[in-house]
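Step one of this worksheet: look at the structure below.
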Amino acid sequence: MKDIIQNIIEKTLKGLHLPVPGFSVDYPKNQKFGDFSSNVSLLLSKELKRNPREIAEELLPKLSGEKCFSKVEIAGAGFLNFFVADSFYREILKDILNKKESYGRLDINKGKTADLEWVSANPTGPLHAGHGRQVCLGKAIANLLEWTGYDLTREYYYNDAGNQMNNLAKSVYARYMQKFDPDFPFPDDGYAGDYIKEIAEEIYNEKKNSLKDSEDISYFKKKGEESNFNRIKNTLAKFGIQHNVFFSETALYKNGDIEKLLKLFEDKGASRVEEGATWLIMDKDRFQKDKVIVKATGEPTYRLPDMAYHINKVNREFDLMVDIFGSDHGDTYKEVLYGMELAGYETQNIKVIIHQMVTFKMGEESVKMSKRSDNVYYLDDLIDDVGVDATQLFFVMRSANTHLDFDIELAKDRSDKNPVYYLQYAHARICGIFRNAEENIKDFNEEYLSKEYVISEPEALELIKVLSKFPEEVKSSYEVLEPHKLIYYLNSVAEMFHKFYHNNRIINLEDMDRTYARLQVCESAKKVLKNGFSIIGISAPERM
RNA sequence: GCGCCCGUAGCUCAGUUGGAUAGAGCAACAGCCUUCUAAGCUGUGGGUCGAAUGUUCGAAUCAUUCCGGGCGUACCA
């Protein structure tokens, strides 16, 4: 709709031989300023050095002639305010009822491919509650990408070649050995969680004492990785998340990519050797100092495989690649991208989303999440405490780049305090109305959906106006990859529906035309809520 | 020290490609259930948008400086 108005204004400007500035069409905050407003004459006044109201007066007669407006006004310093004709809203309603589950789906990225990499926790243990932010954010962004038409690959990259996995192996081995000798030393930097004991227990049950005092602990690594991955995948499954690709760092060693990249840096003179380590030469304007890519021990640091991994992705020719990282990786991804540029690869199709950390609060108490202690608040614990939907909504509700305070007591609360229920209740309420319709209206069937009725209730028109914004909201949420915007929008849908419901009895057997008209409005609100929920990743309950 | 992010109502946060009277939820207070779910609706109170200066028709939004908080600044990932 905004686009339509934008086009009309452009057409009018050209008709009057005026320049076309980069003006905007917006929804005004205050209703008395109409359904849409534009700052076009203010911008023109700057360019033409003329009074903005004067310019607006000149545009007005042409714009008022357009049939989709009931009224066009000049206000304030020279804003143009547009009032949309009622017939427009009936068209919107028809559109929603036709498109149903696909209302809001866009084709702006049809035929393009995208890759979203997220979670990517190393399989050294179960996901903890802090991972939840990334898990849920990624889930919503994945949906958002698909709703704009992308053919999406969901990807999980894990480092299984470094120290952390050796630590895992040592930790499992120590727990296994403690079955025989309770005093067997546990490594200082080992993983203390109980799940390690469980893995050791499994190995013991399977192998008994046959691995006792073994030199080669690779079996412990393999079992540990397997078991931890199962836990992680199991947790992700609770959110309905299934990655298409699990990409292992080891694969990059096996196929020679890492060696190739190192050679490439050497040939280009982009690296140097000092004190036995290989350093990548960084641009001093952007980075403080050079970075080690191969340690003196001969092992690469995480940077080199990360670069090789992203080059691998670029070579798979996605139109868009999105990575989601926590703020602790805020600087390192820049190094990785810079490294890729040095190697001669384009990075402009890679978008990186950085999210800030999460603090969990249980009432006044804050909950700790240290991996080293065995008193960890796992993501599974959080789901058990507050449920999948509340977890998803709470994590996605805020913009990614601000710190998040997760109030567990509030999320757990099954009352009106909890924002999850406000949204879901609107959907459940509509379902209740349809249950009522099926029971009380003789021969109730869906034929009424294709008929045209008069809609006159002001709340209904307001509601339809809000519903008409849904596709634009999906688009603007997509453009910045910030699904929380959609939640605020859906909140306004729920709010307008509740007002409509409160002031108008939907089903009135005395006046079936009006009943059907209102049911059409309910049906379209239900579709927008359901479609919106499916993007942000929460369920649409039929009853509550 | 340097880099990135943040500072908006008592609390948690929207709003930041410059636009009209700065919003929501919770908390506080006052109303609305013989009618499709009151997990709802209606109303009241609550603000130096961290501070200052600048840019201009106009600044929560942009620039500079300062103050306060988080993360990073590894031959950890």
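The values are calculated or read from the model by the stated rules, or taken from the named source; none is laboratory data. This structure is a prediction, so every number in the text was calculated from the model and none was measured. Here Cβ is always computed from backbone atoms with ideal geometry, including for glycine, and neighbour counts include all displayed protein chains. Quick note on the areas: whole protein, heavy atoms, side chains included, nothing else; ligands and nucleic acids left out. Shrake-Rupley method; radii C 1.70, N 1.55, O 1.52, S 1.80 Å.
List of remarks:
- Among all residues of the range A:238-254, there is at least one that is in the same structural domain as residue A:340 (by TED's automatic domain parsing) and more than 25 Å from residue A:127 (Cβ to Cβ).
- Those residues of the range A:39-91 which are surrounded by 18 or more Cβ atoms within 10 Å (Cβ to Cβ), in a helix (DSSP H, G or I) and in contact with a helix residue (DSSP H, G or I) (Cβ under 7 Å, 6 or more places away or on another chain), in sequence order: A:40, A:41, A:42, A:44, A:45, A:52, A:55, A:56, A:59, A:63, A:89
- Inside the range A:503-518, residues that are open to solvent by 80 Å² or more (accessible area, probe 1.4 Å), near RNA strand B (Cβ under 8 Å from one of its atoms) and touching a residue at least 24 places away in the same chain (Cβ under 8 Å) make up a count of 1.
- Unique match (being near RNA strand B (Cβ under 9 Å from one of its atoms) and outside the structural domain of residue A:494 (by TED's automatic domain parsing)) among A:407, A:384: A:407
- Residue within the range A:348-366 that is more than 26 Å from the chain's Cα centre (by Cα) and surrounded by 14 or more Cβ atoms within 10 Å (Cβ to Cβ) present: no
- Filtering the range A:144-164 to residues that are part of a helix (DSSP H, G or I) and either surrounded by fewer than 20 Cβ atoms within 10 Å (Cβ to Cβ) or in contact with a strand residue (DSSP E or B) (Cβ under 9 Å, 6 or more places away or on another chain) (or both) leaves A:145, A:146, A:163, A:164.
- Positions within the range A:332-352 being within 22 Å of residue A:262 (Cβ to Cβ) and assigned to a loop (DSSP other than H, G, I, E, B), in sequence order: A:343, A:344, A:345, A:346, A:347
- Pick from the range A:399-449, criterion outside any helix (DSSP H, G or I) and among the acidic types (Asp, Glu), ranking: most open to solvent (accessible area, probe 1.4 Å): A:416
- Close pairs from the range A:427-452: first at negative phi, partner of a type outside the set (Ser, Thr, Tyr) and more than 16 Å from RNA strand B (Cβ to nearest atom), Cβ under 6 Å, at least 6 apart: A:449/A:97
- Pairs meeting the criteria (first residue in the range A:75-93 and more than 18 Å from residue A:6 (Cβ to Cβ), second residue open to solvent by 60 Å² or more (accessible area, probe 1.4 Å) and within 8 Å of RNA strand B (Cβ to nearest atom), beta carbons under 7 Å, at least 6 apart or on different chains) are A:75/A:33.
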